[in-house]
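Each remark here refers to the structure printed beneath this line.
The values are calculated or read from the model by the stated rules, or taken from the named source; none is laboratory data. Everything numeric here is computed off the predicted structure, so don't read it as measured data. We place every Cβ from the backbone using ideal geometry, glycine too, and count neighbours over all the protein chains shown.
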Amino acid sequence: MATLGDLERTVMDLLWAAPEAMTANVLRDSIAHTPAGTPAGRELAVTTVLTVLSRLEKKGLVERERDSRPHRYRATTSRADHTAELMHDVLVTAPDREAVLARFIGNVSETEAQTLRKLLGG
């Protein structure tokens, strides 16, 4: 799975948080009001947002509702699913999976360790 650029991540964060699908115009307006704002403090053109949405759709992260105009977009998976898939992709490509897991587990908090134990049934 491909990683996300800054603007792609901003769009996905908004889609993951949205209770319903969003149009490119609504996304553009929402991006302008996010704490990070837009790159170099400039307003984005709706065509820029549409380009980002098209790329995210090609990556399988966004689906477009074509039954209305303007089209509305929604995330195809949850943020947790996306993160888990990224973690899995990294682990699969690691030459020493045990070392990667050991380093990961060595950096989790006690609360996270308890959650891992619970999820693993131990």
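Tabulated results
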read-out	value
Residue check for Glu57: free of Cβ contacts under 8 Å to residues at least 60 places away in the same chain and more than 13 Å from Ala24 (Cβ to Cβ)	no
Counted residues, the stretch 1-48 - those being more than 17 Å from Arg79 (Cβ to Cβ), among the acidic types (Asp, Glu), at pLDDT 90 or above and loosely packed, with under 14 Cβ neighbours inside 10 Å	0
